[in-house]
Amino acid sequence: MNKYKTALLSGTFLSVAILAACDSDIDVDELDEDDLNVGDTDAGNDDGDDAASSGDGTQLQIGTGSTGGTYYALGQEMANVISDNADGVTVNAVSTGASNENIARVHNGDLDLGMTVHIPALDALEGAGDFEGQGEFDQFGYMGYIYPETNQIAVRADSGIESIEDLEGMRVNLGPPNSASQSASLMILEAYGLTEDDIEVYEEGFGDGAGMLQDGNIDATFGLLGLPADNITELDSQIDIELLSIDEEALDTIEANSMYERIVIPADTYEFLEEDVNAIAAYAVLIGSNETIDEDLGYEITKALYENAGSITHNQGEHMEDTDNLLLGNEGLPMHPGAERYFEEAGLLN
């Protein structure tokens, strides 16, 4: 799973400014502390200081995702692990619009750490994809691998929807605005010749989307999730569901024109599956601000997280325990100096 292609599906991604929260009319350069809607912080101030410090030590914020999603639940545990094991450091998890928002805010110093799919991080460096026309976002560094993200498309088992083509004219949740999840959803639809105009679009996190599917308010919900995903298991405990499979032709198109890769969801992943499901996958990675996190602090954060990942109870935390995985998704991304120092010390970098 280490292919990196430069071509992107034209017309797939949203032509909007990369932004905070869900307001596509806000330019990245105009974001300020009030947009975070969390407690007071000095991160992202204009004086170039490192992470905010107080009598209680260094206060940091990690951008996660929507509540009810994998990023938010796992990010809270990651924040706790770092706080418990990095001397004088307290990390607070912040609910955000996920990858793209996290990249933009970490770049600006509004957030210190962020969880993101590796593909939009690469796009941000090149001003491509969702970041096209917004300039380069490069004031961040790779700090380590988190887990593999797999696009999963849930429908009610009694809906009569048997393929992605059947979603035409349906009510479909694509994921939060300007998120990697939504970009992947649109890319899959485009591989079938469908656009936003062919469906009734909803833009919610997977947790909210699952609730809407359960209540009969939508017909399908997309999400970039861990595998297996607790959200899927929980939804299946409430209603009978199925996962839609991507056909071979569409997978060929996606792989030829993006950095996503095909993956098979084995039938034994979930109790309700009767056969394997074809999907696409990428890497979730941790990035850190080059503005608010210096080398020493970055080293302490990386060391604290990866040497104590075994205390994370979320089922995706196990991926951070395997030292063979810790550099997945780094190809093409700048390494944060602190993380680089740690990985060299751990013998993972030459």
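The values are calculated or read from the model by the stated rules, or taken from the named source; none is laboratory data. Keep in mind it's a predicted model, so treat the numbers as computed, not measured. With ideal geometry, Cβ positions are generated from the backbone for all residues, glycine too; neighbour counts draw on all protein chains shown.
Remarks
- Qualifying residue in the range 291-298 (condition: in a helix (DSSP H, G or I), outside the structural domain of LEU189 (by TED's automatic domain parsing), in contact with a helix residue (DSSP H, G or I) (Cβ under 6 Å, 6 or more places away or on another chain) and not β-branched (Val, Ile, Thr)): yes
- Screening the range 166-179 for residues that are touching a strand residue (DSSP E or B) at 6+ places or on another chain (Cβ under 9 Å) and at pLDDT below 95 and picking the one that is farthest from HIS118 (Cα to Cα) gives GLY175.
- Qualifying residue in the range 285-298 (condition: under 28 Å from ASN231 (Cα atoms), small (Gly, Ala, Ser) and either touching a residue at least 40 places away in the same chain (Cβ under 8 Å) or touching a Lys or Arg at 6+ places or on another chain (Cβ under 8 Å) (or both)): yes
- Of all positions in the range 180-196, none carries a residue that is in a loop (DSSP other than H, G, I, E, B), acidic (Asp, Glu) and modelled with pLDDT of 95 or more.
- Failed item in (1) in contact (Cβ under 8 Å) with a residue 40 or more places away in the chain; (2) surrounded by 24 or more Cβ atoms within 10 Å (Cβ to Cβ); (3) not basic (Lys, Arg), with SER185 passing the rest: (1)
- Across the range 206-248, the number of residues qualifying as of a type in the set (Asp, Glu) and in contact (Cβ under 8 Å) with a residue 40 or more places away in the chain comes to 6.
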